[in-house]
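A short worksheet on the structure shown next.
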Amino acid sequence: MLPYILILLAFAADRLSKLWAATYLAENGPTQVHSLLTLYPTYNQGIAFGLLQGIGPIVGWLSIVIVIGLFIYLVRVPRSQWLLRIGLALIIGGAMGNLIDRVTAGQVLDFIQTPIRPGIFNVADIMINVGVVLSLLGALLQKRGLETRHQGLEMEEQAKS
């Protein structure tokens, strides 16, 4: 149940932040919050880091296919792989947030700029990046667990021989 709640929370956080940014930044323009954080509205027709700009609705269709595929994968991942499931949920929630922008406006609102990371991004991008890290970590831990379990079984068999 937790992954499905996280999907909704990630999606809602992105949508609400974009609603706020579109309203506030339209009235006030770019805003430096701190030396490490500037809010600067820009629109991106491509995917992460401005890739695939100008290819039109293909990005939207590709996003739909990816979200559906990830959701099907999430449903099939065993509950014991909780870190992978949480990561997938964050990716799906973030991707859905950007997908709504692509479908309704043909572009995504990016507004967070920091010298720590190049480019301008949004809350959905943060969710997707954190989700990727958690998913990879979960998959790595699962693989290590399987390898350790396999080595333990081999040692037991050798001890019996």
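Any read-out appearing in this document is the output of simple, stated calculations on the displayed coordinates, not a laboratory observation. If you're wondering where the values come from, they're calculated on a predicted model, not measured in any experiment. We place every Cβ from the backbone using ideal geometry, glycine too, and count neighbours over all the protein chains shown.
Below are the figures for this structure:
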{"read-out": "Residue-count net charge about ASP110 - beta-carbon cut-off 15 Å; Lys, Arg +1, Asp, Glu -1", "value": "+1"}
{"read-out": "Cβ-based exposure ranking for ARG117, ARG85, ARG76, in which fewest neighbours within 10 Å come first", "value": "ARG76, ARG117, ARG85"}
{"read-out": "Highest-first arrangement of 93-101, 5-13, 127-135, 63-71, where packing means the average Cβ count within 10 Å", "value": "93-101, 127-135, 5-13, 63-71"}
